[in-house]
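Notes follow once the structure below has been shown.
The values are calculated or read from the model by the stated rules, or taken from the named source; none is laboratory data. The shown structure was predicted, so the numbers you read here are calculated from the model rather than taken from an experiment. Ideal geometry is used to build each Cβ from the backbone, glycine not excepted, and the neighbour counts take in all protein chains shown. When the accessible area is computed, the model is the full protein with side chains, heavy atoms only, and any ligands, DNA or RNA have been set aside. Shrake-Rupley method; radii C 1.70, N 1.55, O 1.52, S 1.80 Å.
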Amino acid sequence: MKETTRQARIVRTSVLGILVNLLIAVVKIIIGMLASSIAIVSEGINNATDAGSSFLTYVGSKLSARHPDEKHPFGYGRIEYLTGMVVGILILYAGIEMLKESVDGIFHPSEMNVSMLAIIIVAVTAVIKFFLGIYTVKVAKSVEYEALLAVGEEGRNDACFSILTILSSVIFLFTGFSLDAYAGIIFSIVVIKSGIESLKSTAADLIGRPGKEELAKKIYREVRATDGVISAIDMMLHDYGPDRYSGSVNIEIDHKRNIGEVYEEIHKLQLRIMEEYHVTMVFGIYAVDEDTASVSELRKYIGKFVRSQEHVKSFHALYLSKDTDTIYCDFIVDYALKDWEEMRESFEIYMKEQYPQHKIALTIETEFV
């Protein structure tokens with residue numbers, strides 16, 4: 001998706017969220033105060049918070065679209081993740097305040113004055129909020145904006161839990177028994193949970209998630225289909241905001257070919273990846289010997305060790321240097337392997353049984369995507 005199209009959709013959805021949430025907030029707060037309903041007032045306050053969150057998604061989108069400069073050569077895309085964190089804090093704060101008001105309402109109940117008209121108006125606002133939430137979530141997923149997704153999911157949850165408010169109001173209207181504060185507690189707990197989940201998600205973005213698996217698969221296919229490339233491994237994708245990546249990948253080429261022979265194809269590949277996937281890709285090169293009998297035997301021998309190890313997923317970059325009598329090899333291990341040095345020692349002992357005269361240069365790494 002083009003950056004201008006993406007930003008336009010975010011801005012349009014955010015502005016719609018601001019206007020609708022402000023209108024609903026005013027209506028609910030007025031009705032809640034007239035009816036002395038904690039649950040309705042809490043919903044109104046939450047809607048006002050949602051309007052603030054929509055405003056933040058609008059501001060975040062505008063700021064993240066700024067062009068790269070000397071201070072931030074990779075652009076400002078990660079501002080969207082900071083925005084998401086602020087939105088999560090706002091949602092969490094609103095939930096805590098609602099919980100405090102609801103608990104206080106249990107110990108210090110106030111007289112309610114709910115009318116059927118008020119219930120109908122709350123029901124209408126709930127329907128509007130539900131469809132606004134669905135629309136916002138749909139847009140957020142299509143543009144991959146975490147903060148907007150949090151706003152949409154929060155709005156959808158608000159609408160669903162308005163049913164509790166309506167139900168408690170109807171019960172009071174016909175029986176005189178108030179469940180208002182209890183409905184407020186349930187609603188506030190859901191809001192708090194939503195805020196915590198939003199914070200966890202944006203914190204994961206800032207700390208660094210694995211690169212997108214589907215994007216990595218597409219790039220791997222492009223690289224491995226390139227003339228002169230035997231295989232590709234060790235891809236890293238660094239996220240600088242939605243659709244903004246820098247990355248690196250190691251490629252294996254036949255050790256008998258020189259860089260000049262494969263340069264043109266690799267350069268074309270680099271430009272194609274930039275244009276199609278918005279990834280600035282850097283290539284590392286391994287020279288691989290697939291023809292020599294001694295290397296084929298070495299590959300089989302190492303493969304036997306790898307298959308015996310629970311935590312080793314694969315190996316690559318195998319190279320036998322005749323000049324230095326060194327065997328180079330890389331292991332891909334899973335995250336459950338805790339003692340890398342023990343793995344290294346086990347492999348060296350294993351290799352010395354068959355290749356006592358060679359030095360072993362083992363690199364152990366995990367998959368990044």
When only alpha-carbon atoms count, how far does segment 198-257 stretch along each of its three principal axes, as whole angstroms with the largest first? 51, 17, 14
What lysines does Lys217 reach when the alpha-carbon gap must be under 26 Å and sequence neighbours fewer than 8 apart in one chain are set aside? Lys2, Lys138, Lys141, Lys268, Lys313
Got a number for carbon plus sulfur as a percent of the chain's accessible area, 1.4 Å probe? 62
Between the residues Ile171, Ile189, Val139, the Cα farthest towards the positive end of the dipole of segment 78-217, that dipole coming from +1 and -1 charges on the beta-carbon of Lys, Arg, Asp and Glu, is from Val139
Largest first and rounded to whole Å, the semi-axes √(5λ) derived from the alpha carbon gyration tensor of segment 103-196 read 30, 16, 7
Whole-percent pair-distance distribution, where bins are 10 Å wide, for the alpha carbons of the chain: 5, 19, 20, 16, 14, 12, 8, 5, 1, 0
Computed about the Cα centre, the charge dipole of segment 10-165 from +1 Lys/Arg and -1 Asp/Glu charges at the Cβ has a magnitude in debye, to the nearest 20, of 440
For segment 48-91 and segment 266-283, distance of Cα centres in Å: 28
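Please compute the length gained on full extension between Asp323 and Glu353, using 0.36 nm multiplied by the number of residues separating them and subtracting their Cα-Cα distance.
Extra length from Asp323 to Glu353 when fully extended: 8.7 nm.
Kindly provide the Kirkwood hydrodynamic radius of segment 1-51 in Å, to one decimal, from all pairs of distinct alpha carbon atoms. All intermediate terms of the calculation are to be shown ahead of the outcome.
Numbers: mean 1/r = 0.0846 Å⁻¹.
It works out to 11.8 Å.
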For the chain, what is the accessible area per residue in Å², given a 1.4 Å probe and the full set of protein chains? 52
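If you put +1 on each Lys and Arg Cβ and -1 on each Asp and Glu Cβ, how big is the dipole of segment 131-235 around its Cα centre, in Debye rounded to 20?
Charge dipole of segment 131-235: 200 debye, to the nearest 20.
If you average 1/r over all unlike Cα pairs in segment 139-243 and invert the result, what Kirkwood radius do you get in angstrom?
One decimal place: 17.7 Å for the Kirkwood radius.
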Please give the charge dipole size of segment 216-309, origin at the Cα centre, charges +1 on K and R Cβ atoms and -1 on D and E Cβ atoms. Round to the nearest 20 debye. 420
Given the Cα-Cα distance of Tyr135 and Thr175 and 0.36 nm per residue of separation, how much length would full extension add, in nm? 10.7 nm
Global form of segment 226-308, assessed from the alpha-carbon gyration tensor, a/c cut-off 1.5: oblate
Calculate the spin-label point distance for Ile106 paired with Ala336, positioning each point 7 Å from the Cα along the beta-carbon direction, and give it in nanometres. 4.3
Subtract the Cα-Cα distance of Ile96 and Glu345 from 0.36 nm times their separation in residues, and report this length gain in nm to one decimal. 84.4 nm
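Divide by every residue of the chain the summed helix terms, -39500 (n - 2.57) for each DSSP H run of at least 4, and state the resulting mean residue ellipticity at 222 nm, rounded to the nearest 500 deg cm²/dmol.
Helices in the chain give a 222 nm mean residue ellipticity of -22500 deg cm²/dmol.
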Taking θ as phi - 60°, what are the ³J(HN,Hα) couplings along segment 54-71 by the Karplus curve (6.51, -1.76, 1.60), each to the nearest whole Hz, with x for Gly and Pro? 5, 5, 5, 5, 5, 5, x, 5, 5, 5, 5, 7, 4, 6, x, 9, 5, 6
What is the distance, in nm, between label points placed 7 Å from the Cα along the Cα-to-Cβ direction at Glu197 and at Thr5? 2.9
How compact and how long is segment 8-158, expressed as Rg and Dmax of its alpha-carbon atoms in Å? 17.4, 61
Taking the Cα atoms of segment 218-369, report the difference between the largest and smallest coordinate on each principal axis, in whole Å and largest first. 50, 37, 22
Towards the positive end of the charge dipole of the chain, with charges on Cβ (+1 Lys, Arg; -1 Asp, Glu), say which of Ile18, Ile349, Thr366 has the farthest Cα. Ile18
What nm value, rounded to one decimal, do you get for the distance between Lys268 and Lys300 when each label is placed 7 Å out toward the C-beta? 3.8
Alpha-carbon Debye profile of segment 267-324, log10 I(q)/I(0) at 0.15, 0.19 Å⁻¹: -0.68, -0.80
Round to the nearest 10 and give me the degree value, 0 to 90, for the angle of helix 146-175's Cα axis relative to the longest principal axis of the chain. 30
P(r) for segment 40-80: what percent of alpha-carbon pairs falls in each 5 Å bin, starting at zero? 6, 23, 18, 14, 11, 10, 8, 5, 4, 1
Find which of Ser61, Leu82, Met98 sits farthest along the positive direction of the dipole of segment 1-106, computed with +1 on the beta-carbon of Lys and Arg, -1 on that of Asp and Glu, about the Cα centre. Ser61
May I ask you to derive the FRET efficiency for Met33 and Phe74 from their Cβ-Cβ distance with R0 = 45 Å, giving the value to the nearest 0.05? 0.40
Could you run the Karplus curve 6.51 cos²θ - 1.76 cosθ + 1.60 with θ = phi - 60° over segment 6-11 and give me ³J(HN,Hα) per residue in whole Hz, x for Gly and Pro? 4, 5, 4, 5, 5, 4
Can you say what percent of the DSSP beta bridges in the chain, counting only those with both residues inside, are antiparallel? Round to 5. 45
Starting at the first residue of segment 119-126, write each ³J(HN,Hα) from the Karplus equation 6.51 cos²θ - 1.76 cosθ + 1.60 with θ = phi - 60°, in whole Hz, x for Gly and Pro. 5, 5, 5, 4, 5, 5, 5, 5
